[in-house]
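Following: one structure in structure tokens, then a few remarks.
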Amino acid sequence: MSVLSRLGVYMSTKDGFMRASMVGFGVPAAVLGSWVFKNYDEHAYLFVVPCAFVAAYLWGLMMWKVMFRDLYARKRAAAPGGAIASQSESESSQPSGPIRD
């Protein structure tokens, strides 16, 4: 399985998506913000870095609720072995015929 496929599977859950958004959006925003605001105050990064991670968390939460939650739910349901297949497996666990001793 390629790296991008594994990342897509990891991001198909809410926890994985939130972690990926914190790393993918929060770290670059914190670094860029610290670099941009370094001339304003010696300790500006103490304000910029937490704000960048809070913004990344809120962005990830908003994106998950608006777009990706339904998208990944549809993909899981359509995939073989997804939610539909698990329902049919639970129904087929009941014996369907005469029981022999």
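Any residue at all in the stretch 15-30 that is farther than 29 Å from Met67 by Cβ, exposed (fewer than 15 other Cβ atoms within 10 Å of the Cβ) and acidic (Asp, Glu)? Steps first, please.
Step one: list which residues in the stretch 15-30 are farther than 29 Å from Met67 by Cβ, which gives none.
Checked against the condition, which is being farther than 29 Å from Met67 by Cβ, exposed (fewer than 15 other Cβ atoms within 10 Å of the Cβ) and acidic (Asp, Glu), the stretch 15-30 yields no hits at all.
Just checking, which of Gly60, Gly16 is touching a residue at least 40 places away in the same chain (Cβ under 8 Å), out of contact with any Pro (no Cβ under 9 Å at 6 or more places or on another chain) and either of a type in the set (Gly, Ala, Ser) or not in a helix (DSSP H, G or I) (or both)?
Gly60
Of the residues that sit in the stretch 37-88 and are of a type in the set (D, E, K, R) and modelled with pLDDT under 80, which one is surrounded by the fewest Cβ atoms within 10 Å (Cβ to Cβ)? So that I can check it myself, show each step before the final result.
Quick first cut of the stretch 37-88, residues of a type in the set (D, E, K, R) only: 38, 41-42, 65, 69-70, 74-76.
Subsequent filtering for residues that are modelled with pLDDT under 80 retains 41-42, 69-70, 74-76.
Working: Asp41: 11, Glu42: 8, Arg69: 13, Asp70: 11, Arg74: 12, Lys75: 12, Arg76: 15.
So, considering only residues that are of a type in the set (D, E, K, R) and modelled with pLDDT under 80, the one surrounded by the fewest Cβ atoms within 10 Å (Cβ to Cβ) is Glu42.
Identify all residues within the stretch 19-41 that are among the hydroxyl-bearing types (Ser, Thr, Tyr) and free of Cβ contacts under 8 Å to residues at least 40 places away in the same chain; write none if there are none.
Let us first name the residues in the stretch 19-41 that are among the hydroxyl-bearing types (Ser, Thr, Tyr), namely 21, 34, 40.
Within the stretch 19-41, Ser34, Tyr40 meet the criteria.
Please verify whether Gly8 is within 20 Å of Arg74 (Cβ to Cβ), free of Cβ contacts under 8 Å to residues at least 40 places away in the same chain and either of a type in the set (A, V, I, L, M, F, W, C) or part of a helix (DSSP H, G or I) (or both), treating the condition exactly as stated. Before you say what the answer is, go through the steps one by one.
Working: within 20 Å of Arg74 (Cβ to Cβ): yes; free of Cβ contacts under 8 Å to residues at least 40 places away in the same chain: yes; either of a type in the set (A, V, I, L, M, F, W, C) or part of a helix (DSSP H, G or I) (or both): yes.
So Gly8 passes the test.
Provide a single number: the residues in the stretch 42-57 that are part of a helix (DSSP H, G or I) and free of Cβ contacts under 8 Å to residues at least 24 places away in the same chain. Outline the logic, then answer.
Taking the stretch 42-57 as the starting set, the residues that turn out to be part of a helix (DSSP H, G or I) are 45-57.
Keeping just the survivors that are free of Cβ contacts under 8 Å to residues at least 24 places away in the same chain gives 45-51, 54.
Within the stretch 42-57, residues that are part of a helix (DSSP H, G or I) and free of Cβ contacts under 8 Å to residues at least 24 places away in the same chain number 8.
The values are calculated or read from the model by the stated rules, or taken from the named source; none is laboratory data. Because the structure is a prediction, the values reported are computed rather than measured. Counting neighbours? That spans all protein chains shown, and the Cβs are built from the backbone with ideal geometry, glycine included.
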